[in-house]
Amino acid sequence: MIGPVFAPPHFSPSMNIRLRPLRLLTLLACLAAPLLAQDDPSSEPPSLLGQIDENNIYTSPDGFFRIQIPVLAELDGTVQDTSITTTFRDPYGVHISIGSLPLNAEYRAELDKRGRKDFLAWLFSQHVQPEYQKAFPGTTAESAKYLATTQDGSLLVMNLLPGGTAFRDRVLLAEGEPIPVAKRGSLVFLKGDRVVIITTELYERILKRDTFKKTPEEEDAILRKRLLELLAKMTFPTTVPSTSAAPAAPAPAVAK
């Protein structure tokens, strides 16, 4: 099954956002900040809010989505979640975050006014991108593309994040060598009454940087393929359980 989960990221943004600021900031902070290891590896890991079944299918805390867990316990794969974000990670190249946030009346008004394409671009540029820049100064959006046929319209964004790798503990640097610039892809779309953001890091830029030589366009193609493959593995039940339902069962222990 799945191993111990990491502690929540220690990142506390202060960006002043008018629309549901606390919930939105929590979501964006979790997506922008790298997943940090526990301060004390011997401490008892927190329980998952979601559920993992006998087939290694993860269900989010409110039942909004399900996905086959994309990491293996045998490779130190872990799952961490909050009520609105889930992160899958292993030390060898997987760092995936999935976040979702309900649209309130004000966001629906923005969507109606702007249309789907412009709404997603506005959301990312005004709210997601500033959080990346705050967490990792010098962050830039290398490219952005609207995928009209994916989830009735999705935004695909590639970000360069100086010092923003989730694999910092695996990076061996020569004296004076700066931490490599990480690259993350984000897929943003609407599903029902939710905004969904899926992000993943191009691990080869960090862990295989001596041999991984790709153009920006080739890197984009790799991240796009991985994000769309992740989306294809997700299912969204038509009926979302009430938030007042019984709490989720603890995640299964690591198989020995």
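Annotations
- Here region 21-235 has an Rg and Dmax of 17.1, 53 Å, counting Cα atoms alone.
- The three principal axes of the Cα atoms in region 54-181 give end-to-end lengths of 52, 44, 26 Å, sorted in falling order.
- The listed peptides 94-100, 82-88, 172-178, ordered by packing as a protection proxy, come out as 94-100, 82-88, 172-178 (highest mean of other Cβ atoms within 10 Å first).
- Modelled label positions at residue 72 and residue 118, each set 7 Å beyond Cα in the direction of Cβ, lie 4.9 nm from each other.
- Once both labels are positioned 7 Å from their Cα atoms along Cα-to-Cβ, the gap between residue 140 and residue 217 label points is 1.8 nm.
- The alpha-carbon atoms of region 87-146, seen along their principal axes, cover 43, 25, 22 angstrom, with the largest extent given first.
- Net length available on complete extension from residue 54 to residue 177 is 39.8 nm, with 0.36 nm assigned per residue and the Cα-Cα distance removed.
- Full extension of the chain between residue 204 and residue 232 yields a length gain of 7.8 nm, computed as 0.36 nm times the residue separation minus the alpha carbon distance.
Read-outs throughout are calculated quantities, based only on the coordinates presented, and are distinct from any laboratory measurement. This structure is a prediction, so every number in the text was calculated from the model and none was measured. Neighbour counts are summed over all protein chains in view; Cβ atoms, including those assigned to glycine, are modelled from backbone coordinates with ideal geometry.
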